[in-house]
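Student: The structure that follows is given in the form of structure tokens.
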Amino acid sequence: MDARLSRMLHLLIHMGRMDGPLTSDAAAVMLGTNPVVIRRTMAGLRDAGYVRSVKGHGGGWSLTCKLHEITMLDVHRALGENRIFALGPADPDPACLVEQAVNASLESALREAEILLLERLAHVSLADIAADFDQRFGELPPDDRAN
């Protein structure tokens with residue numbers, strides 16, 4: 001399973017609430033990964049214009065726009081539009097007519113589902129996700145808010 005979209009949405013929302021830049025090391029600790037993975041993944045977001053990086057002491061990654069200006073689809077595209085579904089035909093070029101019919105039906109269903117999913121991703125901003133977090137956090141008992 002490719003969790004890059006989920007991980008980067010998580011990271012970007014944290015970044016949107018920070019006063020200063022986030023280092024690759026700190027981001028790696030937050031996501032339980034390696035700083036090299038963070039830099040490689042953030043490069044696509046930088047190239048798309050959503051983040052910038054500053055090297056040296058006091059440097060790190062920061063957003064170039066507000067959370068309400070970035071959608072889930074924007075991040076998906078910046079990460080390289082990885083494959084949405086892991087489903088696919090057993091044999092992409094079968095001689096069997098039954099397998100051809102199965103492939104056609106499956107491919108049609110997957111295309112329709114992908115269109116719907118991408119449309120939904122286009123309508124959810126990172127600010128929407130952050131607002132959902134705020135609501136969930138506000139509903140926690142005060143003793144549980146420190147976790």
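Each reported figure results from applying straightforward, stated rules to the coordinates on display, with no laboratory input. A quick note: this is a predicted structure, and the numbers were derived from the prediction, not measured. Neighbour counts are summed over all protein chains in view; Cβ atoms, including those assigned to glycine, are modelled from backbone coordinates with ideal geometry.
Student: Mean residue ellipticity at 222 nm from the helices of the chain, using -39,500 (n - 2.57) per DSSP H segment of n ≥ 4 over the full residue count, to the nearest 500 deg cm²/dmol?
Tutor: One gets -17500 deg cm²/dmol as the mean residue ellipticity at 222 nm.
Student: Taking the mean number of other Cβ atoms within 10 Å as a proxy for protection, how do you rank 111-119, 131-139, 11-19 from highest to lowest?
Tutor: Packing proxy ranking, top to bottom: 11-19, 111-119, 131-139.
Student: Relative to the longest principal axis of the C-alpha atoms of the chain, give the angle of the C-alpha long axis of helix 126-139, reported between 0 and 90° and rounded to the nearest 10°.
Tutor: 70
Student: Now for a different question. Once the Cα gyration tensor of region 41-82 is diagonalised, what are the square roots of 5 times its eigenvalues, in whole Å and ordered largest first, as equivalent ellipsoid semi-axes?
Tutor: Square roots of five times the eigenvalues give 20, 12, 6 Å.
Student: Also, I was wondering about something else. Along the positive direction of the dipole of the chain (beta-carbon charges: Lys, Arg +1; Asp, Glu -1; about the Cα centre), which of VAL124, VAL54, LEU5 reaches farthest?
Tutor: VAL54
Student: Going by amide H atoms built from the backbone, whose H comes under 5 Å of the H on VAL124, apart from near neighbours?
Tutor: Amide H neighbours of VAL124: MET72, LEU73.
Student: How much space per residue, in cubic angstrom, does the convex hull of the C-alpha atoms of the chain take up?
Tutor: Spread over its residues, the Cα hull of the chain gives 152 Å³ apiece.
Student: Moving on. Ranked highest first by the average count of other Cβ atoms within 10 Å around their residues, in what order do 45-52, 95-102 fall?
Tutor: Order by mean packing, descending: 45-52, 95-102.
Student: Follow-up. So how tilted is helix 35-47 from the main axis of the chain? Cα-based, degrees 0 to 90, rounded to 10.
Tutor: Tilt of helix 35-47: around 80 degrees.
Student: Expressed as an acute angle from 0 to 90° and rounded to the nearest 10, what is the orientation of the C-alpha long axis of helix 4-16 relative to the principal long axis of the chain?
Tutor: 20
Student: ILE84 to THR33: FRET efficiency via 1/(1 + (r/R0)^6), r the Cβ-Cβ distance, R0 22 Å, to the nearest 0.05?
Tutor: FRET efficiency, ILE84 to THR33: 0.50.
Student: Give me the distance between the Cα centres of region 1-28 and region 40-67, rounded to whole Å.
Tutor: 10
Student: Also: Taking the Cα centre of the chain as origin and charging only Cβ (+1 Lys, Arg; -1 Asp, Glu), how large is the dipole, in debye to the nearest 20?
Tutor: Using only the charged Cβ atoms, the result is roughly 760 debye.
Student: As I understand it, the dipole of the chain uses +1 on the Cβ of Lys and Arg and -1 on the Cβ of Asp and Glu, about the Cα centre. Which of GLY44, PHE133, LEU79 lies farthest toward its positive end?
Tutor: After comparing all options, I get GLY44.
Student: While we're here: Compute the FRET efficiency between ALA104 and ARG46 as 1/(1 + (r/R0)^6), taking r as their Cβ-Cβ distance and R0 = 41 Å, and round to the nearest 0.05.
Tutor: 0.55
Student: Taking 8 Å as the Cα distance limit and 6 or more residues as the minimum spacing, I'd like the relative contact order of the chain as a percentage.
Tutor: Once normalised by length, the contact order is 24 percent.
Student: Another one. Given the options ASP128, ASP91, ASP74, which has the most mean-square fluctuation in a GNM of the chain, springs set between C-alpha atoms less than 10 angstrom apart?
Tutor: The residue that fluctuates most here is ASP91.
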